[in-house]
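Trainee: The structure under discussion is supplied below as structure tokens; questions concerning it will follow.
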Amino acid sequence: MSENTVDAVKTEKDKRKIKAVKKMKEIMTFYYIDAKTAAENNKKVAWITSGGPVEPLIAMDIIPVYPENHGAMIGASKMGVDLCEKAEAMGYAGDLCSYARSDISCATVNGGPIGGLPKPDMLICGNNICGTVLKWYEIQARYFNVPLFIFDTPFCHTAFYEEMRRYVRSQVDEYIEFLEIATGRKLDRGRMEEVGRLSVAGQRMWQAVLDTTVNKPAPMSAFDAFFHLALIVTLRGTQTAVDYYQELLDEMNERVKDGIGAVPKERYRLLWDNLPIWYRTKWLSDKFAAHDACLVADTYTSAWCGSLRYMDEKDFLNSMAEGYTRIYLNIGVDEMARSVCDMVDKYDVDGLVIHSNRSCKPYSLGQYDIQRLVEENKGIPSLLIEADMCDERMFSESQIETRIDAFIEMLKHRSRR
Amino acid sequence: MQDIFREMAEIVRDPFDYGWKSKTLSGRKVVGYVCTYAPEEIILAAGAHPMRLFGTTGSIERADGHLQSYCCSLVRGVLEEGLKGGTDFLDGIVFPHTCDSIQRLSDLWRINVPQGFHVDAVLPVKLDTQSARQYMIDVLHRFKADLERELDCPITDENLSKAIRLMNEIRRLLRLIYELRSNQPGLMTGETLYTIVKATMIMDRIHCREILQELVEKMEAAKSSHTYAKRLLMAGGICNQPQIHDLIEAAGGAVVWDDFCTGSRYFETPIATDKDPISAIADRFLKRAVCPAKHAGLRNRAEDLIRIARERKAKGVIFLYLKFCDPHAFDYPYLKNALDQEGIPSLLLEVEDPLPAEGQLQTRFEAFLEML
């Protein structure tokens, strides 16, 4: 390669690099330093599930820490297998959720990429994502000997009933009372309203970012979304998240204007289902890009803004009962399939990539039916990848590579027809 | 006693055949359910016959098109029977909300099994707060209204009270049978005891009460000379592998009590008869020994287990878990440690239908029993 070509390749790569990434890394570093030094600064730390109601924590100046985000970091740094094995040595079955296994063993050895999470003063478990978090948080409540609040959001197979609303709504009050006891302070209602407003604003902004991929070529891919997701999970309800996503949105809009895609030659537009395979995001991203395929959307990152329609920023505490209950994972398989079909239309998708994730039963059981319903209704093919989000032992590279190649080959034939 | 054992064993061997026959003979509607959080009393009060489903004894083929291999064999087995028509005699089915897998089973059944009506009873997961209690009552009221609509039959308080008395009586008798056998394990094999509980969940409850009563009388009069040296407690979700008892007994042990939902969790805690029936049913669900998919405290399951082991003078505990059953698997290390601290040895068996080769299990039981 001549020097000119090397430069050209470099510029081409630079062009595609999302500039906001640097800022995001800074924000997350600050966030974790803040969390890890909480005790020295007389701040309380609450561990909370990814779909949990974080806003009252923010309003009460309690630092929320997310074991699931930590799980993703462990997976991405390829430290999942070691920690999972440690949990197995503690007696936890190898079939259990790899986030849970990693976190449970990590707490006892302070391992992982950031030397463990700061010790919690309390635990907040929202079971809108799974039943696993209930068991996981019970274990941590025993281990750390701290109070546990369970935010119980009844599953909406076909409907959200009034009695569900009443039950969840009364838990919002119980939750606030729990926090007031834990901190010895009263919740500032004005501040709470502000945090609620910022939460909704952040979710809207995140949705707007994701929506930029309706453009062709898509300015970002699901792999980018997996990364940029961290703030809407961890800092939902803060100005920081709103500002960051505004910046990211501006950058994406700029890329759209300049016709810069996440993948150099976007030919196939795909939709990803389920959690990322954290230890292989780069490999998968390169693999699909090499086939001119871009994962333009996914069901996972959109889950943090998917129930916006039930949220009312002017009446946050009342509306969060429904908003937190009717999230993507807490609804029936057929409603999930309808939601996937809507995304297929919205993002003009050519195929579905389904990650059958051994770690996540509520997300994965039912995928075969979703696959069938989407194929029937939208006439698009799908690819099923058997793996795990954090436990690399469940990933068979050669098999998955062959399947991806065959899938793209099929898409090629279909587009010729 | 042998006649009763034979009758019950026949029902357990082919519950669907029993379902068809009993439906044809009685003309009563049959409502299937998948876990012990199903409010049987309300089904009975609607004049219907509640029947628990236990998966399949056959191979799993059709369900493989809907559920991954990392779903437990119970859930896959129930769906298999639904898909292949084994449960076609059911007029409807109820899915109480428990674990993630049963939650999705409900969806898959609703989407893929056309036979009969489908009702979800989305119970609270948390059982130890006032608002959860109120929600539990609300859910049961909705369930009652759903059944009234689907079965086209009003459910009166009088019938609810009658159903509660019937089920309380059955629970009392089962408990008595457990007591009698615990005192004299030689009275019947563990497999027989297990068959009695399972048959109870399948068969006509009025007839069931009669034969359980008869059984109690016979057991009270019976004497067994056979003594087992090693008294054991067995704990887990559902025991679908009764052959395990043969192996344990062959190794010189006897399971004298259990913490299974096909065992003591089904019959412990009667329903109060001095208050509003729906609230009384709700209160039983809140108070009874919990399934680990529900939350009633942080240490209650270990405390219960230790208490039962002490009460029943069990020398050791066998955890019998269904592979891929997350709620139980998560609780195992904590329960085991709690037992260790009390000096109660335990053994974990993770099984799937069908069981592994007998020799392998036999060796493990022998080694465990030797240690006690």
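The values are calculated or read from the model by the stated rules, or taken from the named source; none is laboratory data. Being a predicted model, the structure only gives us computed values, none of them experimental. Because the Cβ atoms are built from the backbone with ideal geometry, glycine has one as well, and the counts that use them run over all protein chains shown.
Trainee: Considering each of B:K336, B:K323 in turn, give the residue that is in contact with a Ser or Thr (Cβ under 7 Å, 6 or more places away or on another chain) and either within 14 Å of another protein chain (Cβ to nearest Cβ) or under 25 Å from B:G77 (Cα atoms) (or both). First the steps, then the outcome.
Mentor: Details: B:K323 fails: in contact with a Ser or Thr (Cβ under 7 Å, 6 or more places away or on another chain).
Residue meeting the stated conditions: B:K336.
Trainee: Could you tell me whether segment B:29-39 includes any residue that is more than 14 Å from B:L151 (Cβ to Cβ) and over 20 Å from the mean Cα position of the chain (by Cα)?
Mentor: Taking every residue of segment B:29-39 in turn, none turns out to be more than 14 Å from B:L151 (Cβ to Cβ) and over 20 Å from the mean Cα position of the chain (by Cα).
Trainee: What pairs come out if I take residues in segment B:40-55 that are closer than 19 Å to B:C261 by Cα and pair them with residues that are among the acidic types (D, E) and outside any strand (DSSP E or B) whose C-beta lies under 9 Å away, six or more apart or interchain?
Mentor: B:P50/B:E40; B:P50/B:E41; B:R52/B:E40; B:L53/B:E81; B:G55/B:E80; B:G55/B:E81; B:G55/B:D353
Trainee: Only residues in segment A:147-163 that are outside any loop (DSSP other than H, G, I, E, B) count as the first member; pair them with residues that are among the small types (G, A, S), Cβ under 6 angstrom, at least 6 apart or cross-chain, and list the lot.
Mentor: Within 6 Å, the pairs are A:L148/A:A141; A:F151/A:G126.
Trainee: Just to confirm my filter: which helices (runs of 4 or more DSSP H) fall fully inside segment B:284-372 and include at least 3 residues that are of a type in the set (A, V, I, L, M, F, W, C), within 23 Å of the chain's Cα centre (by Cα) and crowded, with 20+ Cβ neighbours inside 10 Å?
Mentor: On the way: elements: B:300-311, B:326-341, B:358-371.
Answer list for segment B:284-372: B:300-311, B:326-341.
Trainee: Next question, about the same structure. What about A:L411, is it surrounded by 15 or more Cβ atoms within 10 Å (Cβ to Cβ), touching a Gly at 6+ places or on another chain (Cβ under 7 Å) and more than 14 Å from every other protein chain (Cβ to nearest Cβ)? Please lay out each step first, then the result.
Mentor: Values: surrounded by 15 or more Cβ atoms within 10 Å (Cβ to Cβ): yes; touching a Gly at 6+ places or on another chain (Cβ under 7 Å): yes; more than 14 Å from every other protein chain (Cβ to nearest Cβ): yes.
The answer is yes for A:L411.
Trainee: Continuing with this model, one more query. Quick test for you: out of B:F267, B:F330, pick the one residue that is closer than 30 Å to B:L147 by Cβ, touching a residue at least 12 places away in the same chain (Cβ under 8 Å) and among the hydrophobic types (A, V, I, L, M, F, W, C).
Mentor: B:F267
Trainee: Sticking with this one: Mind listing just one residue for me: the one in segment A:134-150 that is more than 9 Å from chain B (Cβ to nearest Cβ) and touching a Pro at 6+ places or on another chain (Cβ under 8 Å) and, of those, farthest from B:D326 (Cα to Cα)?
Mentor: Residues of segment A:134-150 more than 9 Å from chain B (Cβ to nearest Cβ): A:137, A:140, A:143-147, A:149.
From what is left, the residues that are touching a Pro at 6+ places or on another chain (Cβ under 8 Å) are A:140, A:144, A:146.
Numbers: A:Q140: 16, A:F144: 22, A:V146: 23 Å.
Per the stated criteria, the residue is A:V146.
Trainee: Next up: How many residues, within segment A:344-369, are under 14 Å from B:H66 (Cα atoms), touching a strand residue (DSSP E or B) at 6+ places or on another chain (Cβ under 7 Å) and either assigned to a helix (DSSP H, G or I) or free of Cβ contacts under 8 Å to residues at least 40 places away in the same chain (or both)?
Mentor: Number satisfying all stated conditions: 3.
Trainee: Can you name every residue in segment A:370-398 that is part of a helix (DSSP H, G or I) and touching a strand residue (DSSP E or B) at 6+ places or on another chain (Cβ under 8 Å)? It would help to see each step written out before you state the result.
Mentor: Applying the first criterion (part of a helix (DSSP H, G or I)) to segment A:370-398 yields A:370-378, A:392-394, A:397-398.
Once the filter is applied, which keeps residues that are part of a helix (DSSP H, G or I) and touching a strand residue (DSSP E or B) at 6+ places or on another chain (Cβ under 8 Å), segment A:370-398 yields A:I370, A:Q371, A:V374, A:E375, A:M394.
Trainee: In segment A:97-117, is there at least one residue being in a helix (DSSP H, G or I), at the interface with chain B (Cβ under 10 Å from one of its Cβ atoms), surrounded by fewer than 21 Cβ atoms within 10 Å (Cβ to Cβ) and not acidic (D, E)?
Mentor: Within segment A:97-117, none of the residues are in a helix (DSSP H, G or I), at the interface with chain B (Cβ under 10 Å from one of its Cβ atoms), surrounded by fewer than 21 Cβ atoms within 10 Å (Cβ to Cβ) and not acidic (D, E).
Trainee: Please indicate, with yes or no, whether at least one residue in segment A:19-30 is more than 21 Å from A:L329 (Cβ to Cβ), of a type in the set (V, I, T), in contact with a Ser or Thr (Cβ under 8 Å, 6 or more places away or on another chain) and part of a helix (DSSP H, G or I). Lay out the reasoning, then the answer.
Mentor: Step one: list which residues in segment A:19-30 are more than 21 Å from A:L329 (Cβ to Cβ), which gives A:19-30.
Of the ones still in play, those that are also of a type in the set (V, I, T) are A:21, A:27, A:29.
If we keep only those that are in contact with a Ser or Thr (Cβ under 8 Å, 6 or more places away or on another chain) too, we end up with A:27.
Applying the additional criterion that residues be part of a helix (DSSP H, G or I) yields A:27.
Yes: segment A:19-30 contains one or more residues that are more than 21 Å from A:L329 (Cβ to Cβ), of a type in the set (V, I, T), in contact with a Ser or Thr (Cβ under 8 Å, 6 or more places away or on another chain) and part of a helix (DSSP H, G or I).
Trainee: Same structure again: Exactly one condition in (1) under 30 Å from B:R165 (Cβ atoms); (2) at pLDDT 95 or above is not met by B:I238; state its number.
Mentor: Of (1) under 30 Å from B:R165 (Cβ atoms); (2) at pLDDT 95 or above, only one is false for B:I238: (2).
Trainee: Can you find a residue in segment A:308-325 that is within 14 Å of another protein chain (Cβ to nearest Cβ), crowded, with 21+ Cβ neighbours inside 10 Å, outside any loop (DSSP other than H, G, I, E, B) and not hydroxyl-bearing (S, T, Y)?
Mentor: Looking for residues that are within 14 Å of another protein chain (Cβ to nearest Cβ), crowded, with 21+ Cβ neighbours inside 10 Å, outside any loop (DSSP other than H, G, I, E, B) and not hydroxyl-bearing (S, T, Y), one finds at least one in segment A:308-325, hence yes.
Trainee: Counting only residues that are in a helix (DSSP H, G or I) and either more than 17 Å from B:D259 (Cβ to Cβ) or of a type in the set (D, E) (or both), how many does segment B:175-184 have?
Mentor: Taking segment B:175-184 first, the residues in a helix (DSSP H, G or I) are B:175-183.
From what is left, the residues that are either more than 17 Å from B:D259 (Cβ to Cβ) or of a type in the set (D, E) (or both) are B:176, B:179-180, B:183.
The total comes to 4.
Trainee: Hey, any hits in segment B:208-222 for a residue that's at pLDDT below 95 and in contact with a Lys or Arg (Cβ under 7 Å, 6 or more places away or on another chain)?
Mentor: no
Trainee: Still on this structure, please answer the following. Tell me the helices (runs of 4 or more DSSP H) entirely within segment A:187-291 that contain at least 1 residues that are surrounded by fewer than 18 Cβ atoms within 10 Å (Cβ to Cβ).
Mentor: Numbers: elements: A:189-211, A:222-228, A:230-234, A:239-258, A:281-290.
Those helices (runs of 4 or more DSSP H) span A:189-211, A:239-258, A:281-290.
Trainee: In segment A:314-364, what count of residues is obtained for those that are of a type outside the set (F, W, Y) and in contact with a Gly (Cβ under 6 Å, 6 or more places away or on another chain)? Give the steps one after another, and end with the answer.
Mentor: Of segment A:314-364, the ones of a type outside the set (F, W, Y) are A:314-315, A:317-323, A:325-327, A:329-346, A:348-362, A:364.
Filter again for in contact with a Gly (Cβ under 6 Å, 6 or more places away or on another chain), leaving A:327, A:333.
Number of matching residues: 2.
Trainee: Here's a follow-up. Can you tell me how many residues within segment A:118-130 are under 22 Å from the mean Cα position of the chain (by Cα), not in a loop (DSSP other than H, G, I, E, B) and not small (G, A, S)? Write out each step before concluding.
Mentor: So in segment A:118-130, the residues under 22 Å from the mean Cα position of the chain (by Cα) come out as A:118, A:120, A:123-130.
Still in the running and not in a loop (DSSP other than H, G, I, E, B): A:123-126.
After this cut, where a residue has to be not small (G, A, S) as well, the list is A:123-125.
Within segment A:118-130, residues that are under 22 Å from the mean Cα position of the chain (by Cα), not in a loop (DSSP other than H, G, I, E, B) and not small (G, A, S) number 3.
Trainee: For A:R166, are the conditions met, namely being surrounded by fewer than 16 Cβ atoms within 10 Å (Cβ to Cβ), without any contact (Cβ under 8 Å) to a residue 40 or more places away in the chain and part of a helix (DSSP H, G or I)?
Mentor: On the way: surrounded by fewer than 16 Cβ atoms within 10 Å (Cβ to Cβ): yes; without any contact (Cβ under 8 Å) to a residue 40 or more places away in the chain: yes; part of a helix (DSSP H, G or I): yes.
Spelling it out, A:R166 is indeed surrounded by fewer than 16 Cβ atoms within 10 Å (Cβ to Cβ), without any contact (Cβ under 8 Å) to a residue 40 or more places away in the chain and part of a helix (DSSP H, G or I).
Trainee: Sticking with this one: I need a count of the residues in segment A:347-405 that are within 14 Å of another protein chain (Cβ to nearest Cβ) and on the phi < 0 side of the Ramachandran plot.
Mentor: The number of residues fulfilling the criteria is 32.
Trainee: Also, quick follow-up: Based on what the data block shows, is B:T192 more than 29 Å from A:R165 (Cβ to Cβ), more than 10 Å from chain A (Cβ to nearest Cβ) and in contact with a Phe, Trp or Tyr (Cβ under 7 Å, 6 or more places away or on another chain)?
Mentor: Working: more than 29 Å from A:R165 (Cβ to Cβ): yes; more than 10 Å from chain A (Cβ to nearest Cβ): yes; in contact with a Phe, Trp or Tyr (Cβ under 7 Å, 6 or more places away or on another chain): yes.
Against the criterion (more than 29 Å from A:R165 (Cβ to Cβ), more than 10 Å from chain A (Cβ to nearest Cβ) and in contact with a Phe, Trp or Tyr (Cβ under 7 Å, 6 or more places away or on another chain)), B:T192 qualifies.
Trainee: Evaluate the following for A:L295: is it under 28 Å from A:S50 (Cα atoms) and out of contact with any strand residue (DSSP E or B) (no Cβ under 7 Å at 6 or more places or on another chain)?
Mentor: Working: under 28 Å from A:S50 (Cα atoms): yes; out of contact with any strand residue (DSSP E or B) (no Cβ under 7 Å at 6 or more places or on another chain): no.
So A:L295 does not fit the description; no.
Trainee: Any idea how many residues of segment B:278-309 are closer than 16 Å to B:A235 by Cα, basic (K, R), in contact (Cβ under 8 Å) with a residue 12 or more places away in the chain and away from every other protein chain (no Cβ under 14 Å)?
Mentor: Of the residues in segment B:278-309, 1 are closer than 16 Å to B:A235 by Cα, basic (K, R), in contact (Cβ under 8 Å) with a residue 12 or more places away in the chain and away from every other protein chain (no Cβ under 14 Å).
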